[in-house]
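Q: Mind having a look at this structure? Questions to follow.
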Amino acid sequence: MDIFDIIGPVMVGPSSSHTAGAVRIGYITRKLLGEEIKKAEILLYGSFLLTGKGHGTDRSIVAGLMLMEPDDTRIPSSLEIAKERGIEVSFGTTDIKDAHPNTAQIILTSVSGKTLDVVASSLGGGRIKVNRIDGIEANFCGDYPTLVVRNQDTPGCMAKITSLLSTCGINIATIQLYRSTRGGEAVAVFECDHEIDNEHINWLEQQEDIIKVTYLSLDE
């Protein structure tokens, strides 16, 4: 535990979970999309749903989707700013089994038609966890450049990814592997110590056994 776990983040709003954490959920989701947003559907669960409006959770998530930080003074006006930018925003509810009380599901469509479905939770003190991407387990914090690869569960696929990272000189901080059934679809989550360039992300997307690549870049 460090001092920021005790005193909390610098932020605009009354609650580190409902405002600062909500901003970060929106921010990380937008970074995962990697493109400008055309449409955002925000579904709230648990405490986010019951008390979020009073704490500004709705405005905080939208602010994060526009890459605002938790201390940005424009957060209270984020819905109006989103409208001015031509972003279509809607809100609803979701029921996610065994989810953290401060959880949101965000479904995005980019200006090019790219889609992304993220479920994330605010854990307190401005910390978050991305639980699912496009319906598949993910479970990462968003503090590292993160590569999420959805692929066919075939021999050699993981070796192909790790070999690519090694060739790029990228150190892997953590690896998580999930699969539906043997030989079915699988997901690999790599939290890395360094950024991965677009050329290598594009190469990975072209591989025969890769279904979808989602990359969280923390570059500004």
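Q: Between Lys160 and Asp209, what is the label-to-label distance in nm when each label sits 7 Å out along the Cα-to-Cβ direction?
A: Placing both labels 7 Å along Cα→Cβ, they lie 0.7 nm apart.
Q: Under the rule of -39500 (n - 2.57) per DSSP H run of 4 or more residues, summed and divided by the residues of the chain, what mean residue ellipticity at 222 nm is obtained, to the nearest 500 deg cm²/dmol?
A: Rounded to the nearest 500, the figure is -8000 deg cm²/dmol.
Q: In terms of modelled amide H atoms, which long-range or inter-chain residues lie less than 5 Å from the amide H of Arg127?
A: Residues meeting the amide H criterion: none.
Q: Using Cα atoms only, what is the angle between the long axis of helix 21-33 and the major principal axis of the chain, expressed in degrees (0 to 90) to the nearest 10?
A: Roughly 40 degrees, rounded to the nearest 10.
Q: Follow-up. Please list, in chain and number order, the residues 5+ apart from Ala138 or on another chain whose amide H is under 5 Å from its amide H, with Hs placed from the backbone.
A: The list, which skips near neighbours in sequence, is Arg132, Ile133.
Q: Something else: In whole Hz and in residue order, list the ³J(HN,Hα) couplings for the stretch 137-147 that follow from phi through the Karplus curve 6.51 cos²θ - 1.76 cosθ + 1.60, θ = phi - 60°; x for Gly and Pro.
A: Once θ is set to phi - 60°, the couplings for the stretch 137-147 become 3, 9, 6, 9, 9, x, 8, 10, x, 10, 9 Hz.
Q: Now a separate question. Quick one: if the Förster radius is 30 Å, what FRET efficiency do Ser180 and Lys53 give, using the C-beta to C-beta distance and rounding to 0.05? Before the final figure, lay out each step's value.
A: On the way: r = 37 Å, r/R0 = 1.22.
Taking R0 as 30 Å, the efficiency between Ser180 and Lys53 is 0.25.
Q: Follow-up question, since we're still on this one. Grab every C-alpha pair in the chain, bin the distances at 5 angstrom width from 0 up to the longest one, and report whole percents.
A: So the P(r) values, bin by bin, are 1, 7, 15, 18, 19, 15, 11, 8, 4, 1, 0.
Q: A further question on this structure: How much accessible area per residue does the chain have, counting only protein heavy atoms and a probe of 1.4 Å, in square angstrom?
A: 50
Q: Right, here's the next one. Longest exposed-loop-site-free stretch of the chain, with trypsin sites (Lys or Arg not before Pro), DSSP loop and at most 15 other Cβ within 10 Å?
A: That gives 1-73 as the longest site-free run.
The values are calculated or read from the model by the stated rules, or taken from the named source; none is laboratory data. For clarity, every value in this text was computed on a predicted model and none was experimentally measured. So basically every Cβ, Gly included, is an ideal-geometry build from the backbone, and we count neighbours across all protein chains shown. Keep in mind that these areas ignore ligands, DNA and RNA; they rest on the heavy atoms of the full protein, side chains included. Shrake-Rupley method; radii C 1.70, N 1.55, O 1.52, S 1.80 Å.
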